[in-house]
Amino acid sequence: MPIILGSWWLTRGIELASARACHMWTDKATKTASWSLPVSKTDPKGMCTTRTHGCCCRSNKEPICPYHTATRHLERLKRTFGNEFASHARDVPLFPSADGQIMSHIEVTKMTQDIIGLTGESLARPGIDGRPLQRFAEHVLRVSGAQLMARGGMD
C-alpha cells in the first residue's frame, strides 16, 4: 500500500516515514484523496504541502486509483489502531512499521526494495568496478509516480 500511495503522491522516503494518519483524508462526495505532507525537501519549515488526487476509475474500481487506494488504506488503519485512529487527533503512523511505530529511513528503503523484489525485478546492477549496486532507494516512488502519471495522461 505505501508503494502505490507513495507513487501517486510522488513522495520521498522521509515523507512516508513521517506521515501520520491525520495527514490523509478522503472526500466521498468529490471522490478525492488529499495528503498534507508534514515535511518535504521544498518545505523545510514543515508548513505542509497538500496534494489532492481524484478517482481515476472508469467503469470498475481500479486497484491503483489514488482515491480508492487511500480509502482502503485508511480503513485498514482504522481496523488496526481502533480507538487511537478513531480519536480526533488520529495521531498514528500513516505507514506503520511491523510493530505499529513510525518507520525508520532504513525500514522505508527495505520495504520499498522488498516490494519491488516481489515483482521479480532485479534489485542490483553492476557498478563500474563490477560490484553490485542497489538500483532502488527511497526516491524510487517519485520517479515511478511521475512515470505512472505521464503514462496515464496526467500533468
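The values are calculated or read from the model by the stated rules, or taken from the named source; none is laboratory data. Keep in mind the model is a prediction, meaning the values are calculated, not measured. With ideal geometry, Cβ positions are generated from the backbone for all residues, glycine too; neighbour counts draw on all protein chains shown. Note: accessible area is taken over every heavy atom of the protein model, side chains too, but ligands, DNA and RNA are not part of it. Shrake-Rupley method; radii C 1.70, N 1.55, O 1.52, S 1.80 Å.
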Hits in segment 43-58 (condition: at negative phi, at pLDDT below 75 and either in a strand (DSSP E or B) or not hydrophobic (A, V, I, L, M, F, W, C) (or both)): D43, P44, K45
Give the residues of segment 3-29 that are part of a helix (DSSP H, G or I), at pLDDT 80 or above and open to solvent by 50 Å² or more (accessible area, probe 1.4 Å), sorted by residue number. C22
Consider L133 against the criteria (1) over 22 Å from T26 (Cβ atoms); (2) part of a helix (DSSP H, G or I); (3) touching a strand residue (DSSP E or B) at 6+ places or on another chain (Cβ under 6 Å): it satisfies all of them except one. Which criterion is unmet? (2)
Within segment 128-139, identify whether any single residue is at negative phi, among the small types (G, A, S), exposed (fewer than 15 other Cβ atoms within 10 Å of the Cβ) and at pLDDT below 85, and answer yes or no. yes
Name every residue in segment 103-122 that is out of contact with any Leu (no Cβ under 7 Å at 6 or more places or on another chain) and surrounded by fewer than 17 Cβ atoms within 10 Å (Cβ to Cβ), in order of residue number. S104, H105, I106, K110, D114, I115, L118, T119, G120, E121, S122
Among the candidates D91, D99, single out the residue that is in a loop (DSSP other than H, G, I, E, B), in contact with a Lys or Arg (Cβ under 8 Å, 6 or more places away or on another chain), open to solvent by 70 Å² or more (accessible area, probe 1.4 Å) and farther than 24 Å from T30 by Cβ. D91
Selection within segment 60-88 - charged (D, E, K, R), open to solvent by less than 90 Å² (accessible area, probe 1.4 Å) and at pLDDT below 85: E62
